[in-house]
Amino acid sequence: MRIARTIAELSEMRREAILELLMDRPGRPIIGLVPTMGALHAGHASLMQRMNDECQVRIASIFVNPLQFGTGEDLDTYPRPIEADLDLCRSFDLDVVFVPGAAEIYPPAFATSVSVPTLAGMLEGAVRPGHFDGVATVVTKLLALAAPERAYFGEKDYQQLCIVRRLTADLGLHTSIVACPTVREADGLALSSRNAYLTPHQRGVAVRLHACLSAMAEEFARGQHDTQLLISHGASLLRGWEEDDFELDYLVVADPHTLAVRDTARRGDRVLIGAKLGTTRLIDNVELTS
Ligand code: AMP
């Protein structure tokens with residue numbers, strides 16, 4: 001496994017990995033990319049596993065993207081256990097791990113922003129203005145640099161997934177976006193690098209996010225399609241949390257592509273929740289199936 005710290009190194013290592021493969025086995029290899037911000041856990045590992053199953057040239061990136069953090073957010077404190085992260089990448093025998101510094105991605109003259117305004121201003125974007133423009137910009141650049149046939153994203157960040165799918169289609173990028181299911185702790189809490197911020201007490205509270213979503217999905221499966229009733233059922237499980245410094249930002253049933261909120265829920269719709277527990281942001285979502 002080789003580590004690229006500059007764009008030039010990434011290009012060179014990507015080219016060499018392709019050439020090495022071609023010597024062994026003629027035929028154009030499939031190139032995969034897993035973009036991450038590091039502090040890797042089993043959720044990231046599931047993306048790498050899927051990439052390994054499907055691609056011959058495997059690239060991951062580890063980059064804490066300053067553009068997607070607002071003022072007062074956790075850019076400075078975001079966990080950066082780089083050695084452990086590289087060990088995890090080595091365990092998947094990746095070809096290249098791209099670990100650029102911020103100046104490599106955003107040199108002083110950098111002036112471009114990618115935006116998907118229809119999807120970026122709602123839900124998580126309403127709470128974190130500018131966040132998804134930062135995400136869209138860095139994902140576009142990473143897709144341009146690694147030029148993968150397939151890029152792997154988690155359903156855990158569902159709004160991000162919708163935005164990445166939209167920009168890839170709109171800009172005609174030659175990358176298929178592969179959505180991977182959310183990996184959870186045994187009690188249902190979605191794995192997240194930010195879970196490390198939670199105190200033991202908050203960890204106990206955080207699991208109720210998933211309990212709320214599961215209860216709504218169960219009600220839907222029992223035949224309740226009125227979203228207001230579904231939402232009040234889910235929200236009733238969150239009541240009384242204010243004393244735990246819990247703040248619900250949104251709980252919606254939405255179209256799985258446009259994220260437009262529904263009056264009447266349909267099979268395949270998505271329930272999305274965003275909340276703050278102390279200073280930690282928590283998000284989760286589930287699909288409504290029957
Ligand atoms: P991040 O490092 O948080 O930017 O995440 C990098 C990628 O891993 C994104 O596509 C996330 O959606 C995905 N990811 C994060 N947590 C999980 C999880 N619990 N299950 C599946 N994918 C995840």
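Condition check for ASP95 on (1) farther than 21 Å from ARG281 by Cβ; (2) acidic (Asp, Glu); (3) surrounded by fewer than 19 Cβ atoms within 10 Å (Cβ to Cβ): one failure, at (3).
Looking at the structure I just gave you, is LEU33 aliphatic (A, V, I, L, M), in a helix (DSSP H, G or I), open to solvent by less than 50 Å² (accessible area, probe 1.4 Å) and more than 20 Å from ALA190 (Cβ to Cβ)? Here the answer is no, as LEU33 does not meet what is asked.
Scanning the stretch 43-53 for residues that are more than 7 Å from the ligand (Cβ to nearest atom) and either closer than 15 Å to ALA84 by Cβ or surrounded by 21 or more Cβ atoms within 10 Å (Cβ to Cβ) (or both) yields ALA45, MET48, MET51. Cβ-Cβ distances below 8 Å connect no pair with a first residue in the stretch 279-290 that is in contact (Cβ under 8 Å) with a residue 60 or more places away in the chain, a second residue that is part of a strand (DSSP E or B) and among the polar types (S, T, N, Q), and a separation of six or more residues or different chains. Of all residues in the stretch 152-176, those satisfying the criterion of being in contact (Cβ under 8 Å) with a residue 24 or more places away in the chain, away from the ligand (no atom under 13 Å from the Cβ) and not charged (D, E, K, R) are LEU167, THR168, LEU171, LEU173, HIS174, THR175, SER176. Starting from residues that are assigned to a loop (DSSP other than H, G, I, E, B) and in contact with a strand residue (DSSP E or B) (Cβ under 6 Å, 6 or more places away or on another chain), keep the ones in the stretch 109-159 and report whichever is farthest from SER61 (Cα to Cα). Filtering first and then ranking leaves LEU123.
Condition check ((1) open to solvent by less than 20 Å² (accessible area, probe 1.4 Å); (2) charged (D, E, K, R); (3) closer than 22 Å to ASP76 by Cα) across all residues:
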{"site": "ALA109", "(1), (2), (3)": "no, no, no"}
{"site": "ALA147", "(1), (2), (3)": "no, no, no"}
{"site": "ILE177", "(1), (2), (3)": "no, no, no"}
{"site": "THR182", "(1), (2), (3)": "no, no, no"}
{"site": "GLU185", "(1), (2), (3)": "no, yes, no"}
{"site": "LEU189", "(1), (2), (3)": "yes, no, no"}
{"site": "ASN195", "(1), (2), (3)": "no, no, yes"}
{"site": "GLU218", "(1), (2), (3)": "no, yes, no"}
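Annotation: SER193 fulfils all but one of (1) without any contact (Cβ under 8 Å) to a residue 40 or more places away in the chain; (2) within 21 Å of ALA45 (Cα to Cα); the unmet one is (1).
The condition (being more than 16 Å from the ligand (Cβ to nearest atom), surrounded by 13 or more Cβ atoms within 10 Å (Cβ to Cβ) and in a helix (DSSP H, G or I)) is satisfied by just one residue among GLU104, GLU83: GLU104.
Kindly evaluate ARG194 against the criterion of being charged (D, E, K, R) and within 23 Å of GLY268 (Cα to Cα). Considered against the rule, which asks whether it is charged (D, E, K, R) and within 23 Å of GLY268 (Cα to Cα), ARG194 comes out as no.
Just one of the numbered conditions (1) open to solvent by 50 Å² or more (accessible area, probe 1.4 Å); (2) farther than 24 Å from PHE132 by Cβ; (3) away from the ligand (no atom under 14 Å from the Cβ); (4) out of contact with any strand residue (DSSP E or B) (no Cβ under 8 Å at 6 or more places or on another chain) is not true of GLN56: (4).
The set of residues from the stretch 1-29 being among the hydrophobic types (A, V, I, L, M, F, W, C), open to solvent by 50 Å² or more (accessible area, probe 1.4 Å) and either in a loop (DSSP other than H, G, I, E, B) or in contact (Cβ under 8 Å) with a residue 24 or more places away in the chain (or both) comprises just one member, MET1. For the structure I just gave you, tell me whether ARG262 is of a type outside the set (S, T, N, Q), touching a Ser or Thr at 6+ places or on another chain (Cβ under 6 Å) and over 12 Å from LEU288 (Cα atoms). So ARG262 passes the test.
The values are calculated or read from the model by the stated rules, or taken from the named source; none is laboratory data. The model shown is predicted, which means the values in this text are computed figures rather than measured ones. Note that each Cβ is placed from the backbone with ideal geometry, even for glycine, and that neighbours are counted across all protein chains shown. Side chains included, ligands, DNA and RNA excluded: accessible areas come from the protein's heavy atoms. Shrake-Rupley method; radii C 1.70, N 1.55, O 1.52, S 1.80 Å.
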